[in-house]
Amino acid sequence: MALITKKPRGTEDVLPRESYRWQFLENLFREEARAFGYKELRTPVFEHTNLFERGVGDTTDVVQKEMYTFLTKGGDSITLRPEGTAGAARAFLEHGLHNDPLPIKAYYLTSCYRYEKPQAGRLREFHQFGMECYGTSNPAADAELITAAANIFDRMGLKNIRLEINSIGCPKCRAEYHKALTAYFSQYKDELCEDCQERLGRNPMRLLDCKVAHDHEIAKGAPTVLDYLCDECREHFDSVKAYLDANGVAYTVNPTIVRGLDYYTKTVFEFICDDIGAQSTICGGGRYDGLIEELGGNPMPALGFAAGIERLLLTLDAQGIEIPAPSPCDIYIANKGDTAHKKAGELCNLLRKAGLYAEYDVVGRGLKAQMKYANKIGAQFSLVLGDDEIAGGTARLKNMANGEQSEIPLDGEQFVKEFTAAKLQADFAE
Ligand code: HAM
(Lines give C-alpha, C1' and ligand atoms only; values in the text may rest on other atoms or scores of the structure.)
Protein backbone atom coordinates (compact mmCIF):
# COMPACT_ATOMS: atom_id res chain seq x y z
CA MET A 1 0.00 0.00 0.00
CA ALA A 2 1.28 3.48 -0.80
CA LEU A 3 2.28 5.65 2.15
CA ILE A 4 -0.55 7.91 3.25
CA THR A 5 1.86 10.83 3.36
CA LYS A 6 5.51 11.73 3.73
CA LYS A 7 7.09 14.18 6.11
CA PRO A 8 6.75 17.83 5.07
CA ARG A 9 9.65 19.26 3.06
CA GLY A 10 12.43 20.66 5.20
CA THR A 11 11.69 18.48 8.22
CA GLU A 12 13.66 15.52 9.54
CA ASP A 13 12.87 12.50 11.66
CA VAL A 14 15.33 11.44 14.32
CA LEU A 15 15.21 7.66 14.29
CA PRO A 16 15.77 5.39 17.32
CA ARG A 17 19.09 4.19 15.88
CA GLU A 18 20.49 7.72 15.71
CA SER A 19 18.81 9.57 18.58
CA TYR A 20 21.80 8.84 20.84
CA ARG A 21 23.72 11.43 18.79
CA TRP A 22 21.17 14.09 19.73
CA GLN A 23 21.10 12.98 23.34
CA PHE A 24 24.89 13.15 23.53
CA LEU A 25 24.85 16.76 22.34
CA GLU A 26 21.91 17.67 24.54
CA ASN A 27 23.72 16.27 27.60
CA LEU A 28 26.83 18.19 26.67
CA PHE A 29 24.83 21.43 26.29
CA ARG A 30 23.15 20.91 29.64
CA GLU A 31 26.47 20.25 31.36
CA GLU A 32 28.05 23.32 29.84
CA ALA A 33 25.02 25.46 30.71
CA ARG A 34 25.21 24.26 34.31
CA ALA A 35 28.92 25.08 34.49
CA PHE A 36 28.05 28.69 33.58
CA GLY A 37 25.06 28.90 35.92
CA TYR A 38 22.32 28.68 33.27
CA LYS A 39 18.99 27.03 34.09
CA GLU A 40 16.57 25.63 31.58
CA LEU A 41 13.69 27.72 30.25
CA ARG A 42 10.85 26.12 28.29
CA THR A 43 8.44 28.31 26.35
CA PRO A 44 5.56 27.44 24.00
CA VAL A 45 6.26 26.38 20.44
CA PHE A 46 3.86 29.12 19.28
CA GLU A 47 3.46 32.72 20.38
CA HIS A 48 1.34 35.70 19.38
CA THR A 49 2.59 36.89 15.99
CA ASN A 50 3.19 40.46 17.14
CA LEU A 51 5.88 39.22 19.56
CA PHE A 52 8.10 38.31 16.62
CA GLU A 53 7.08 41.31 14.54
CA ARG A 54 8.13 43.58 17.40
CA GLY A 55 11.01 41.50 18.74
CA VAL A 56 12.72 40.04 15.69
CA GLY A 57 11.74 43.04 13.55
CA ASP A 58 9.23 43.48 10.75
CA THR A 59 11.87 44.37 8.17
CA THR A 60 13.79 41.10 8.64
CA ASP A 61 13.60 38.16 6.24
CA VAL A 62 12.50 35.98 9.13
CA VAL A 63 9.38 38.06 9.76
CA GLN A 64 8.68 39.15 6.19
CA LYS A 65 9.10 35.81 4.46
CA GLU A 66 9.77 32.89 6.73
CA MET A 67 7.24 32.71 9.54
CA TYR A 68 4.64 29.99 9.91
CA THR A 69 1.72 32.20 10.81
CA PHE A 70 -1.93 31.20 11.03
CA LEU A 71 -5.21 32.32 12.50
CA THR A 72 -6.63 30.19 15.29
CA LYS A 73 -10.30 29.21 15.41
CA GLY A 74 -10.67 32.10 17.88
CA GLY A 75 -9.23 34.53 15.32
CA ASP A 76 -5.84 35.12 17.00
CA SER A 77 -2.75 35.42 14.84
CA ILE A 78 -0.28 32.83 16.03
CA THR A 79 3.26 32.06 14.82
CA LEU A 80 5.43 29.01 15.31
CA ARG A 81 8.61 30.31 16.91
CA PRO A 82 11.24 31.08 14.27
CA GLU A 83 13.86 31.43 17.05
CA GLY A 84 14.11 31.29 20.83
CA THR A 85 15.11 34.77 21.97
CA ALA A 86 11.79 36.60 21.61
CA GLY A 87 9.82 33.91 23.47
CA ALA A 88 12.43 33.80 26.23
CA ALA A 89 12.24 37.61 26.61
CA ARG A 90 8.43 37.45 26.68
CA ALA A 91 8.59 34.84 29.47
CA PHE A 92 11.16 36.95 31.33
CA LEU A 93 8.77 39.91 31.29
CA GLU A 94 5.57 38.01 31.91
CA HIS A 95 6.96 36.33 35.03
CA GLY A 96 8.74 39.39 36.38
CA LEU A 97 12.07 37.60 36.41
CA HIS A 98 13.85 40.93 36.81
CA ASN A 99 12.94 40.60 40.51
CA ASP A 100 15.22 37.56 40.80
CA PRO A 101 18.91 38.11 41.55
CA LEU A 102 20.60 39.40 38.39
CA PRO A 103 21.93 38.29 36.06
CA ILE A 104 19.22 35.82 35.07
CA LYS A 105 20.76 33.05 32.99
CA ALA A 106 18.47 30.82 30.95
CA TYR A 107 19.15 28.13 28.36
CA TYR A 108 16.84 26.25 26.02
CA LEU A 109 16.74 23.38 23.60
CA THR A 110 13.95 24.10 21.15
CA SER A 111 12.56 23.39 17.73
CA CYS A 112 12.27 26.45 15.45
CA TYR A 113 10.30 26.99 12.26
CA ARG A 114 11.28 29.04 9.25
CA TYR A 115 9.79 28.76 5.79
CA GLU A 116 13.11 28.82 3.96
CA LYS A 117 14.27 26.96 0.86
CA PRO A 118 15.57 23.66 2.26
CA GLN A 119 19.14 22.63 1.52
CA ALA A 120 21.98 20.93 3.41
CA GLY A 121 22.01 22.53 6.87
CA ARG A 122 18.89 24.59 6.19
CA LEU A 123 15.60 23.13 7.34
CA ARG A 124 12.10 24.40 7.91
CA GLU A 125 11.95 22.72 11.26
CA PHE A 126 15.33 22.84 12.98
CA HIS A 127 16.61 22.81 16.53
CA GLN A 128 18.58 25.27 18.56
CA PHE A 129 20.51 25.19 21.77
CA GLY A 130 20.47 28.72 23.12
CA MET A 131 21.69 30.69 26.13
CA GLU A 132 20.22 34.04 27.18
CA CYS A 133 21.52 36.28 29.95
CA TYR A 134 19.58 39.28 31.33
CA GLY A 135 20.65 42.09 33.60
CA THR A 136 24.25 42.97 32.80
CA SER A 137 25.76 45.46 30.40
CA ASN A 138 29.29 44.56 31.47
CA PRO A 139 31.58 43.46 28.60
CA ALA A 140 32.82 40.57 30.77
CA ALA A 141 29.35 39.06 30.30
CA ASP A 142 29.70 39.19 26.48
CA ALA A 143 33.03 37.40 26.71
CA GLU A 144 31.67 34.86 29.21
CA LEU A 145 28.79 33.99 26.89
CA ILE A 146 31.03 33.65 23.84
CA THR A 147 33.40 31.51 25.92
CA ALA A 148 30.53 29.18 26.85
CA ALA A 149 29.81 28.59 23.16
CA ALA A 150 33.51 28.15 22.37
CA ASN A 151 33.84 25.60 25.20
CA ILE A 152 30.97 23.56 23.77
CA PHE A 153 32.55 23.35 20.33
CA ASP A 154 35.90 22.50 21.95
CA ARG A 155 34.36 19.73 23.99
CA MET A 156 32.71 18.35 20.85
CA GLY A 157 36.19 18.13 19.35
CA LEU A 158 35.27 20.38 16.41
CA LYS A 159 38.09 21.70 14.27
CA ASN A 160 38.25 24.50 11.69
CA ILE A 161 35.80 26.63 13.61
CA ARG A 162 36.31 30.36 13.48
CA LEU A 163 34.74 32.93 15.71
CA GLU A 164 33.97 36.26 14.05
CA ILE A 165 32.92 39.21 16.15
CA ASN A 166 31.74 42.72 15.48
CA SER A 167 30.00 45.60 17.19
CA ILE A 168 26.95 47.17 15.57
CA GLY A 169 26.74 49.96 18.13
CA CYS A 170 23.84 51.39 20.08
CA PRO A 171 20.82 53.36 18.79
CA LYS A 172 22.83 56.58 19.32
CA CYS A 173 25.74 55.77 17.04
CA ARG A 174 23.61 53.68 14.75
CA ALA A 175 21.63 56.73 13.69
CA GLU A 176 24.79 58.14 12.07
CA TYR A 177 25.58 54.79 10.51
CA HIS A 178 22.06 54.51 9.10
CA LYS A 179 22.51 57.89 7.44
CA ALA A 180 25.75 56.75 5.84
CA LEU A 181 24.20 53.48 4.67
CA THR A 182 21.16 55.22 3.26
CA ALA A 183 23.38 57.61 1.31
CA TYR A 184 25.46 54.72 -0.01
CA PHE A 185 22.60 52.44 -1.06
CA SER A 186 20.55 55.31 -2.51
CA GLN A 187 23.10 55.52 -5.33
CA TYR A 188 22.06 52.01 -6.38
CA LYS A 189 18.37 52.28 -5.55
CA ASP A 190 17.13 51.17 -8.99
CA GLU A 191 19.34 48.09 -8.97
CA LEU A 192 18.21 46.81 -5.59
CA CYS A 193 15.60 44.09 -5.16
CA GLU A 194 12.08 45.20 -4.32
CA ASP A 195 12.41 44.23 -0.64
CA CYS A 196 15.61 46.24 -0.29
CA GLN A 197 14.13 49.29 -1.97
CA GLU A 198 11.42 49.20 0.65
CA ARG A 199 13.83 48.48 3.53
CA LEU A 200 16.12 51.34 2.50
CA GLY A 201 13.78 53.92 4.01
CA ARG A 202 12.98 51.89 7.14
CA ASN A 203 16.06 49.92 8.14
CA PRO A 204 19.08 50.24 5.83
CA MET A 205 21.10 47.73 7.90
CA ARG A 206 18.86 44.97 6.59
CA LEU A 207 20.29 45.59 3.12
CA LEU A 208 23.61 44.27 4.38
CA ASP A 209 22.28 40.73 4.76
CA CYS A 210 20.08 40.57 1.68
CA LYS A 211 20.44 37.15 0.06
CA VAL A 212 19.93 38.40 -3.52
CA ALA A 213 23.30 38.05 -5.30
CA HIS A 214 23.41 41.50 -6.93
CA ASP A 215 22.37 43.27 -3.71
CA HIS A 216 25.00 41.27 -1.89
CA GLU A 217 27.64 42.56 -4.33
CA ILE A 218 26.50 46.15 -3.80
CA ALA A 219 26.55 45.64 -0.01
CA LYS A 220 30.23 44.74 -0.18
CA GLY A 221 31.14 48.37 -0.81
CA ALA A 222 28.95 49.77 1.99
CA PRO A 223 30.43 51.78 4.88
CA THR A 224 31.38 49.61 7.85
CA VAL A 225 29.75 50.06 11.20
CA LEU A 226 33.00 50.04 13.17
CA ASP A 227 33.83 53.45 11.69
CA TYR A 228 30.69 54.89 13.30
CA LEU A 229 30.84 53.56 16.87
CA CYS A 230 30.45 56.09 19.67
CA ASP A 231 33.07 56.17 22.43
CA GLU A 232 31.03 54.03 24.78
CA CYS A 233 30.41 51.31 22.16
CA ARG A 234 34.04 51.37 21.07
CA GLU A 235 35.24 50.98 24.66
CA HIS A 236 32.74 48.17 25.22
CA PHE A 237 33.96 46.35 22.13
CA ASP A 238 37.61 46.80 23.11
CA SER A 239 36.85 45.38 26.55
CA VAL A 240 35.00 42.37 25.10
CA LYS A 241 38.07 41.62 22.99
CA ALA A 242 40.37 41.99 25.99
CA TYR A 243 38.22 39.59 28.05
CA LEU A 244 38.17 37.09 25.18
CA ASP A 245 41.96 37.32 25.02
CA ALA A 246 42.10 36.70 28.76
CA ASN A 247 39.79 33.69 28.39
CA GLY A 248 42.03 32.31 25.65
CA VAL A 249 39.27 32.46 23.02
CA ALA A 250 40.58 33.19 19.52
CA TYR A 251 38.52 35.45 17.24
CA THR A 252 38.72 37.69 14.23
CA VAL A 253 36.90 40.98 13.87
CA ASN A 254 34.58 40.93 10.86
CA PRO A 255 32.90 44.32 10.39
CA THR A 256 30.41 42.85 7.88
CA ILE A 257 28.63 40.74 10.49
CA VAL A 258 25.36 42.50 11.28
CA ARG A 259 23.10 39.45 11.95
CA GLY A 260 19.70 39.03 10.35
CA LEU A 261 17.53 39.94 13.34
CA ASP A 262 16.72 43.47 14.47
CA TYR A 263 17.20 43.28 18.21
CA TYR A 264 20.99 43.34 18.34
CA THR A 265 23.05 46.15 19.84
CA LYS A 266 26.82 46.38 20.35
CA THR A 267 28.49 42.94 20.30
CA VAL A 268 27.47 40.44 17.62
CA PHE A 269 29.25 37.20 16.77
CA GLU A 270 29.11 34.05 14.70
CA PHE A 271 30.92 30.73 14.82
CA ILE A 272 31.54 29.49 11.31
CA CYS A 273 32.73 26.17 9.90
CA ASP A 274 33.47 25.89 6.19
CA ASP A 275 33.33 22.08 6.19
CA ILE A 276 29.53 21.93 5.92
CA GLY A 277 28.84 23.91 2.75
CA ALA A 278 27.00 27.17 2.25
CA GLN A 279 25.06 27.08 5.53
CA SER A 280 28.26 27.42 7.48
CA THR A 281 27.16 29.44 10.52
CA ILE A 282 26.84 26.95 13.35
CA CYS A 283 26.09 29.53 16.01
CA GLY A 284 25.13 33.18 16.18
CA GLY A 285 24.32 35.69 18.83
CA GLY A 286 25.03 38.98 20.47
CA ARG A 287 23.88 41.64 22.83
CA TYR A 288 20.31 42.95 22.62
CA ASP A 289 20.05 45.72 25.20
CA GLY A 290 16.86 47.21 23.75
CA LEU A 291 14.64 44.14 23.33
CA ILE A 292 13.09 43.94 26.80
CA GLU A 293 12.10 47.61 26.60
CA GLU A 294 10.82 47.12 23.04
CA LEU A 295 8.52 44.41 24.39
CA GLY A 296 7.12 46.72 27.06
CA GLY A 297 9.46 46.17 30.02
CA ASN A 298 11.82 48.49 31.87
CA PRO A 299 15.22 48.84 30.20
CA MET A 300 17.23 45.67 30.80
CA PRO A 301 20.47 44.79 29.06
CA ALA A 302 20.63 41.26 27.70
CA LEU A 303 22.66 39.01 25.46
CA GLY A 304 22.59 35.49 24.10
CA PHE A 305 23.35 33.04 21.34
CA ALA A 306 21.83 30.04 19.64
CA ALA A 307 23.57 27.14 17.92
CA GLY A 308 21.88 25.02 15.27
CA ILE A 309 21.91 21.39 16.37
CA GLU A 310 21.50 19.92 12.85
CA ARG A 311 24.46 21.99 11.67
CA LEU A 312 26.55 20.79 14.60
CA LEU A 313 25.73 17.18 13.74
CA LEU A 314 26.65 17.85 10.10
CA THR A 315 29.96 19.30 11.25
CA LEU A 316 30.70 16.24 13.38
CA ASP A 317 29.99 14.02 10.35
CA ALA A 318 32.05 16.17 7.99
CA GLN A 319 34.99 16.00 10.39
CA GLY A 320 34.65 12.27 11.04
CA ILE A 321 34.09 12.79 14.76
CA GLU A 322 32.15 9.89 16.19
CA ILE A 323 29.74 10.18 19.06
CA PRO A 324 30.13 7.23 21.42
CA ALA A 325 27.43 4.67 20.65
CA PRO A 326 25.12 3.82 23.53
CA SER A 327 26.11 0.73 25.52
CA PRO A 328 24.60 -2.41 24.00
CA CYS A 329 22.30 -4.84 25.74
CA ASP A 330 23.84 -6.24 28.96
CA ILE A 331 22.13 -9.62 28.73
CA TYR A 332 19.76 -11.50 26.48
CA ILE A 333 17.87 -14.31 28.21
CA ALA A 334 16.88 -16.84 25.57
CA ASN A 335 14.33 -19.44 26.50
CA LYS A 336 12.34 -22.46 25.40
CA GLY A 337 9.03 -23.50 26.90
CA ASP A 338 6.32 -21.66 28.74
CA THR A 339 7.78 -21.85 32.27
CA ALA A 340 11.22 -20.78 31.04
CA HIS A 341 9.65 -17.88 29.11
CA LYS A 342 7.98 -16.57 32.25
CA LYS A 343 11.18 -17.04 34.28
CA ALA A 344 13.11 -15.09 31.64
CA GLY A 345 10.63 -12.23 31.98
CA GLU A 346 10.94 -12.28 35.78
CA LEU A 347 14.75 -12.22 35.69
CA CYS A 348 14.82 -9.46 33.08
CA ASN A 349 12.57 -7.34 35.20
CA LEU A 350 14.79 -7.78 38.27
CA LEU A 351 17.83 -6.79 36.24
CA ARG A 352 16.03 -3.77 34.81
CA LYS A 353 15.05 -2.63 38.28
CA ALA A 354 18.74 -2.83 39.14
CA GLY A 355 19.46 -0.42 36.27
CA LEU A 356 20.67 -2.99 33.74
CA TYR A 357 19.62 -3.35 30.13
CA ALA A 358 18.11 -6.82 29.76
CA GLU A 359 16.08 -8.37 26.96
CA TYR A 360 14.11 -11.54 26.37
CA ASP A 361 11.85 -12.69 23.60
CA VAL A 362 8.53 -10.88 23.29
CA VAL A 363 8.08 -11.69 19.62
CA GLY A 364 7.55 -15.48 19.77
CA ARG A 365 10.86 -16.52 18.12
CA GLY A 366 12.36 -19.99 18.31
CA LEU A 367 15.58 -20.49 20.30
CA LYS A 368 17.89 -20.23 17.28
CA ALA A 369 16.28 -16.99 16.10
CA GLN A 370 16.47 -15.61 19.65
CA MET A 371 20.22 -16.19 19.73
CA LYS A 372 20.60 -14.57 16.29
CA TYR A 373 18.75 -11.54 17.62
CA ALA A 374 20.96 -11.45 20.75
CA ASN A 375 23.96 -11.25 18.43
CA LYS A 376 22.38 -8.52 16.31
CA ILE A 377 21.73 -6.26 19.27
CA GLY A 378 25.27 -6.87 20.51
CA ALA A 379 24.28 -8.42 23.83
CA GLN A 380 27.29 -8.64 26.14
CA PHE A 381 26.00 -11.84 27.83
CA SER A 382 23.40 -14.46 27.06
CA LEU A 383 21.68 -17.15 29.00
CA VAL A 384 19.58 -20.06 27.75
CA LEU A 385 16.69 -21.19 29.92
CA GLY A 386 14.88 -24.46 29.26
CA ASP A 387 13.10 -27.11 31.37
CA ASP A 388 16.44 -28.53 32.61
CA GLU A 389 17.69 -25.16 33.85
CA ILE A 390 14.38 -24.42 35.57
CA ALA A 391 14.42 -27.83 37.26
CA GLY A 392 18.09 -27.50 38.30
CA GLY A 393 17.83 -23.87 39.41
CA THR A 394 20.98 -22.80 37.54
CA ALA A 395 21.97 -21.86 33.98
CA ARG A 396 25.12 -21.16 31.95
CA LEU A 397 25.92 -17.48 31.60
CA LYS A 398 27.79 -16.89 28.34
CA ASN A 399 30.12 -13.98 27.63
CA MET A 400 29.30 -13.34 23.96
CA ALA A 401 32.65 -11.74 23.16
CA ASN A 402 34.94 -14.61 24.22
CA GLY A 403 32.51 -17.51 24.58
CA GLU A 404 33.44 -18.12 28.22
CA GLN A 405 30.68 -19.68 30.29
CA SER A 406 29.97 -19.82 34.01
CA GLU A 407 27.25 -21.26 36.18
CA ILE A 408 24.71 -18.79 37.60
CA PRO A 409 21.89 -19.49 40.09
CA LEU A 410 18.41 -18.53 38.92
CA ASP A 411 17.23 -17.42 42.35
CA GLY A 412 16.25 -13.74 41.83
CA GLU A 413 18.41 -11.81 44.28
CA GLN A 414 21.44 -14.06 43.92
CA PHE A 415 21.07 -13.97 40.13
CA VAL A 416 21.20 -10.17 40.01
CA LYS A 417 24.18 -10.11 42.39
CA GLU A 418 26.22 -12.68 40.47
CA PHE A 419 25.33 -11.22 37.09
CA THR A 420 26.37 -7.75 38.20
CA ALA A 421 29.72 -9.14 39.41
CA ALA A 422 30.26 -11.03 36.13
CA LYS A 423 29.46 -7.94 34.13
CA LEU A 424 31.81 -5.78 36.17
CA GLN A 425 34.61 -8.28 35.62
CA ALA A 426 33.94 -8.39 31.86
CA ASP A 427 33.79 -4.57 31.61
CA PHE A 428 37.08 -4.35 33.46
CA ALA A 429 38.74 -6.88 31.18
CA GLU A 430 37.65 -5.02 27.99
P1 HAM B 1 20.10 32.84 14.03
O2 HAM B 1 21.43 33.23 13.50
O3 HAM B 1 18.93 33.17 13.22
O4 HAM B 1 19.99 33.50 15.47
O5 HAM B 1 20.09 31.29 14.31
C6 HAM B 1 21.04 30.70 15.17
C7 HAM B 1 21.53 29.40 14.56
O8 HAM B 1 20.44 28.55 14.24
C9 HAM B 1 22.25 29.58 13.23
O10 HAM B 1 23.59 29.94 13.44
C11 HAM B 1 22.13 28.20 12.63
O12 HAM B 1 23.12 27.34 13.17
C13 HAM B 1 20.76 27.75 13.12
N14 HAM B 1 19.76 27.94 12.06
C15 HAM B 1 19.13 29.09 11.71
N16 HAM B 1 18.26 28.86 10.70
C17 HAM B 1 18.34 27.55 10.42
C18 HAM B 1 17.68 26.70 9.47
N19 HAM B 1 16.75 27.16 8.64
N20 HAM B 1 18.02 25.38 9.44
C21 HAM B 1 18.96 24.90 10.29
N22 HAM B 1 19.59 25.64 11.21
C23 HAM B 1 19.30 26.96 11.27
C24 HAM B 1 18.94 33.32 16.29
O25 HAM B 1 18.05 32.53 16.10
C26 HAM B 1 19.04 34.15 17.54
N27 HAM B 1 17.81 33.93 18.32
C28 HAM B 1 20.27 33.80 18.34
C29 HAM B 1 20.37 34.58 19.61
C30 HAM B 1 20.04 34.16 20.85
N31 HAM B 1 20.73 35.84 19.71
C32 HAM B 1 20.66 36.23 20.97
N33 HAM B 1 20.22 35.20 21.67
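How long are the semi-axes of the ellipsoid equivalent to the stretch 168-265, from square roots of 5 times the Cα gyration tensor eigenvalues, in whole Å, largest first?
28, 15, 10
Compute the helix-to-body angle for 231-247: its Cα long axis versus the longest principal axis of the chain, expressed 0 to 90° and rounded to tens.
Roughly 30 degrees, rounded to the nearest 10.
Go through MET1, THR60, SER137 and say which Cα lies farthest out towards the positive end of the charge dipole of the chain; charges sit on Cβ, +1 for Lys and Arg, -1 for Asp and Glu.
Most positive-ward Cα: MET1.
Might you tell me the accessible area per residue for the chain, computed with a 1.4 Å probe and given in Å²?
50 Å²
Just to be sure I follow: if Rg is taken over the C-alpha atoms of the stretch 248-399 and Rh is the Kirkwood radius over the same atoms, what is Rg/Rh?
Ratio value, two decimals: 1.35.
Full-extension gain between ALA429 and THR5, please, as 0.36 nm times their residue separation minus the C-alpha to C-alpha distance.
Gain on stretching ALA429 to THR5: 147.7 nm.
Could you compute how fast the stretch 194-233 diffuses translationally, taking Rh as the Kirkwood radius over C-alpha pairs and applying Stokes-Einstein at 4 °C with viscosity 1.567 mPa s? Give it in µm² per second.
Translational diffusion coefficient: 116 µm²/s.
Calculate how steeply helix 85-94 sits against the longest principal axis of the alpha-carbon atoms of the chain, using the helix alpha-carbon long axis, and give the answer as 0 to 90 degrees to the nearest 10.
Compared with the principal axis, the helix lies near 90 degrees.
Would you mind computing Rg(Cα) / (2.2 N^0.38 Å) for the stretch 302-369, counting N as its residues?
Dividing the Cα radius of gyration by 2.2 N^0.38 Å gives 1.88.
Counting C-alpha atoms alone, how compact is the stretch 331-420: give Rg to one decimal and Dmax as a whole number, in angstrom.
Calculated on Cα positions, Rg and Dmax stand at 11.7, 30 Å.
Using a Gaussian network for the chain with springs between C-alpha atoms less than 10 Å apart, which of these wobbles most: ALA307, ALA88, ALA391?
ALA391
Taking every pair of alpha-carbon atoms in the stretch 1-61, what share in percent sits in each 5 Å bin, from 0 to the bin with the longest distance?
For the stretch 1-61, the binned pair fractions read 4, 11, 10, 12, 17, 18, 16, 7, 3, 1, 0 percent.
Which whole-number percent of Cα pairs in the chain have a distance greater than 39 Å?
Considering the chain, 37 percent of its Cα-Cα pairs are separated by more than 39 Å.
How many angstrom lie between the C-alpha centres of the stretch 180-218 and the stretch 54-127?
26 Å
Could you tell me which residue out of ILE78, TYR188, SER239 lies farthest along the dipole of the chain toward its positive end? Charges go on the beta carbon: Lys and Arg +1, Asp and Glu -1, centred on the Cα centre.
Looking along the dipole axis, the top candidate is ILE78.
For the stretch 209-353, with the dipole built from +1 on Lys and Arg beta-carbon atoms and -1 on Asp and Glu ones, taken about the Cα centre, which of LEU312, CYS273, THR339 lies farthest toward the positive end?
About the Cα centre, the residue reaching furthest to the positive side is THR339.
From zero up to wherever the largest Cα-Cα distance of the stretch 231-326 sits, split into 5 Å bins and tell me the percent of pairs in each.
Using 5 Å bins, I get a P(r) of 2, 11, 17, 20, 17, 14, 10, 6, 3, 1, 0 for the stretch 231-326.
With springs connecting C-alpha atoms under 10 Å apart, model the chain as a Gaussian network and identify which of HIS236, HIS95, HIS216 has the largest mean-square fluctuation.
Comparing HIS236, HIS95, HIS216 in the GNM, the peak value goes to HIS95.
Just the number, please: Stokes-Einstein D of the stretch 276-341 in µm²/s, Kirkwood Rh from C-alpha pairs, 20 °C, 1.002 mPa s.
Rounded, D is 125 µm²/s.
Hey, if we sort HIS98, HIS178 by accessible area with the 1.4 Å probe, largest down, what's the order?
Largest to smallest exposure gives the sequence HIS98, HIS178.
At 0.36 nm per residue, and after removing the present C-alpha to C-alpha distance, how many nm does the segment from THR72 to ALA183 gain when stretched out fully?
35.7 nm
At a 1.4 Å probe radius, carbon and sulfur cover how many percent of the accessible area of the chain?
After summing per-atom areas, the C and S share lands at 51 percent.
The values are calculated or read from the model by the stated rules, or taken from the named source; none is laboratory data. Fair warning: this is a prediction, and the values are worked out from it, not measured in the lab. Cβ: placed from backbone, ideal geometry, glycine included. Neighbour counts: every protein chain shown. Surface accessibility is based on the protein's heavy atoms, side chains included, excluding ligands, DNA and RNA. Shrake-Rupley method; radii C 1.70, N 1.55, O 1.52, S 1.80 Å.
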